[in-house]
Amino acid sequence: MRVLVSGGAGYIGSHTVVQLIAAGHEVVVVDNFGNAKPAVMGRLDTLTGTHIPMHAFDVTDKDKTEHLFATERIDAVIHFAGLKAVGESVQIPLDYYQNNLESTFSLLRAMRRHGCHTLVFSSSATVYGDQAPVPYQEDYEPLGAASPYGRTKVMIEHVLRDVAHIETDWRIGVLRYFNPVGAHVSGTIGEDPQGIPNNLMPFIAQVAVGRREKLQIFGDDYPTPDGTCQRDYIHVEDLAAGHVAALNRIVNSDDPIRTWNLGTGTGTSVLEVVKAFERASGQPIPYDVVGRRAGDLPAFWADATRANEELGWHATHTIDDMCADTWRWQSQNPQGYDDSVEE
Ligand code: UDP
């Protein structure tokens with residue numbers, strides 16, 4: 001298939017591009033480089049041995065999106081593009097609602113107009129809110145989220161369900177990600193957050209490489225085995241493989257829409273991640289335990305049974321793999337993509 005990947009220069013998008021091409025698909029990328037670096041594209045060309053067509057614009061732009069579909073043959077879309085920082089979404093909610101919803105509307109309308117009805121959408125475990133029993137299962141209702149970012153995901157899930165309910169020629173896969181970490185095993189692409197990382201793994205990696213002095217652990221008085229929060233960390237390569245599997249499944253399915261959790265099914269604590277990273281990098285990770293971060297849940301992980309059974313997909317990478325690959329990326333690119341010459 002010829003797959004349009006919105007946000008294809010981003011962290012999860014770029015890893016998915018590599019796997020799509022390895023699986024025999026053709027890829028077209030659209031990215032506004034709001035949170036990604038143009039240097040990614042050259043690295044993707046090198047990694048895949050092919051020149052990937054690239055459109056540099058924001059898919060909220062309806063005219064440009066329409067023009068893209070009018071001039072490129074597109075069989076399916078994987079929609080990653082969007083704003084994703086939970087804390088920032090509290091500060092600028094209108095930007096989050098506008099960007100994440102409008103980009104989806106713009107794509108859906110252009111797709112429909114051009115007879116393309118196959119879509120994989122990036123959702124998040126945040127849609128389970130703070131009441132769902134652990135492990136999280138796809139059928140849980142009602143969806144809810146504690147941040148504007150999370151609520152954009154809930155809203156888009158509802159939009160997609162309502163559309164697919166009445167326009168039954170759609171084939172939509174909704175993927176709820178747990179905590180994506182890690183990098184391509186080559187160390188050439190990885191996560192390159194702007195400014196101070198909000199997430200645990202990139203922060204630890206920047207401490208290990210000497211860019212930050214120490215980690216702050218947000219609370220060790222949670223009702224968990226070691227008192228620190230537990231999350232379901234999933235290697236970005238497993239996540240990328242989940243997209244390829246979901247795409248193959250939806251095109252051969254009678255369901256207009258289906259949702260899958262992409263997680264490992266196990267929880268790992270903050271302290272366990274710190275220890276695993278020390279093992280992988282051979283570097284000490286100094287840390288202070290500080291107060292809890294507002295909005296953090298003590299512990300959650302996926303029930304990944306549905307994805308295992310229906311997609312024939314399993315997460316195969318361990319937390320040690322995740323740390324080793326993050327470290328390879330970070331140590332080869334201490335300043336992220338800024339170390340490279342833009343192509
Ligand atoms: N965390 C931490 N220090 C940091 C960043 C994160 O202790 O600098 C903790 C956070 O409280 C949570 C876990 O690491 O328990 C994962 O946080 P992250 O932001 O990576 O993902 P979340 O699950 O919150 O989306």
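I'd like the residue in segment 120-161 that is among the charged types (D, E, K, R) and open to solvent by less than 40 Å² (accessible area, probe 1.4 Å) and, out of all such residues, is nearest to Gly267 (Cα to Cα).
Of the residues in segment 120-161, the ones among the charged types (D, E, K, R) are 130, 138-139, 141, 151, 153, 157, 161.
After this cut, where a residue has to be open to solvent by less than 40 Å² (accessible area, probe 1.4 Å) as well, the list is 138, 153, 157.
Working: Glu138: 17, Lys153: 23, Glu157: 25 Å.
Only one residue tops the list, namely Glu138.
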Problem - Pairs, first open to solvent by 40 Å² or more (accessible area, probe 1.4 Å) in segment 271-289, second part of a helix (DSSP H, G or I), C-beta under 6 Å, six or more apart - result: Gln283/Ala208
Practice task
Of the conditions (1) within 15 Å of the ligand (Cβ to nearest atom); (2) touching a Gly at 6+ places or on another chain (Cβ under 7 Å); (3) modelled with pLDDT of 95 or more, Val154 clears all except one; give me its number.
Solution key: (1)
Problem - Count of segment 290-311 residues which are open to solvent by 40 Å² or more (accessible area, probe 1.4 Å) and more than 11 Å from the ligand (Cβ to nearest atom) - result: 4
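Restricting to segment 232-267, and then to whatever is in a helix (DSSP H, G or I) and of a type in the set (Val, Ile, Thr), can you tell me which residue is surrounded by the most Cβ atoms within 10 Å (Cβ to Cβ)? Spell out how you get there, then give the answer.
Our first condition is that a residue be in a helix (DSSP H, G or I); within segment 232-267, this holds for 236-251.
If we keep only those that are of a type in the set (Val, Ile, Thr) too, we end up with 236, 244, 250-251.
Working: Val236: 25, Val244: 21, Ile250: 22, Val251: 14.
Here the residue is Val236.
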Problem - Among (1) assigned to a loop (DSSP other than H, G, I, E, B); (2) within 16 Å of the ligand (Cβ to nearest atom), the one test that Val273 misses - result: (1)
Completion exercise
Output for Cβ contacts, cut-off 7 Å, separation at least six or different chains, first residue within 10 Å of the ligand (Cβ to nearest atom) and at pLDDT 95 or above in segment 176-200, second open to solvent by 40 Å² or more (accessible area, probe 1.4 Å) and assigned to a loop (DSSP other than H, G, I, E, B), reads Phe178/Trp301
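Of Thr259, Thr224, Thr264, which residue is within 13 Å of the ligand (Cβ to nearest atom), polar (S, T, N, Q) and touching a residue at least 60 places away in the same chain (Cβ under 8 Å)? Quick ask: steps written out before the conclusion?
Values: Thr259 fails: within 13 Å of the ligand (Cβ to nearest atom); Thr264 fails: within 13 Å of the ligand (Cβ to nearest atom).
Just a single option satisfies the conditions, and that option is Thr224.
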Exercise for the section: Give segment 137-176 a look and list any residue that's under 19 Å from Ala246 (Cα atoms) and among the aromatic types (Phe, Trp, Tyr), or say none. Expected result: Trp170
Exercise for the section: Quick one: which residue in Val59, Val29, Val5, Val40 is open to solvent by less than 20 Å² (accessible area, probe 1.4 Å) and part of a loop (DSSP other than H, G, I, E, B)? Expected result: Val59
Exercise for the section: Would you check if there is a residue in segment 149-157 being out of contact with any Leu (no Cβ under 8 Å at 6 or more places or on another chain) and under 24 Å from Leu4 (Cβ atoms)? Expected result: yes
Practice task
State which residue is least open to solvent (accessible area, probe 1.4 Å) when the search covers only segment 201-220 and only residues that are within 12 Å of the ligand (Cβ to nearest atom) and in a loop (DSSP other than H, G, I, E, B).
Solution key: Gly219
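The values are calculated or read from the model by the stated rules, or taken from the named source; none is laboratory data. Being a predicted model, the structure only gives us computed values, none of them experimental. Cβ: placed from backbone, ideal geometry, glycine included. Neighbour counts: every protein chain shown. Ligands, DNA and RNA are stripped out before the accessible areas are found, and what is left, the full protein with its side chains, is counted by its heavy atoms. Shrake-Rupley method; radii C 1.70, N 1.55, O 1.52, S 1.80 Å.
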